[in-house]
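Have a look at the structure below before the remarks.
The values are calculated or read from the model by the stated rules, or taken from the named source; none is laboratory data. In this text the structure is predicted, and so the values were computed from the model without any measurement. Note that we place each Cβ from the backbone using ideal geometry, even for glycine, and neighbour counts take in every protein chain shown.
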Amino acid sequence: RALLRRRVITMTEQADARPDELPAALGWVMNLLEPGTHPAVFTFFKGVVFLLVLCVASLLLLVDVGADVRIHLKAFLALAVVLLGLTVWFFGELQAARAAAPAAEAAERKKGD
């Protein structure tokens, strides 16, 4: 019981600490909770969608189900693969737009001067 209290106090103290003082795994989670969109959010989302594709594919290949269920798994796998492709494409376009934004602002300021 005392160990549990000590662990709760330690976790509470870590939650109050600055992100640079936290262990690497906990600091990464704290960065996800900050306002704005951190690049780790995109990586995390792509990983989750990839795991969805893996899970559905493994269900399709490893589980012996009837033909009526198999058609639904195939459709869901196709949708998950399309979602993964769109996710990778969209996040790539978003990163390219973010990288081009400072250059566009500088060009606009030059025009104004």
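Computed values, structure above
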{"item": "Total residues in the stretch 55-70, condition surrounded by fewer than 11 Cβ atoms within 10 Å (Cβ to Cβ) and either modelled with pLDDT of 95 or more or under 25 Å from residue 88 (Cβ atoms) (or both)", "result": "2"}
{"item": "Any hit, the stretch 30-38, residues being modelled with pLDDT of 75 or more and surrounded by 10 or more Cβ atoms within 10 Å (Cβ to Cβ)", "result": "no"}
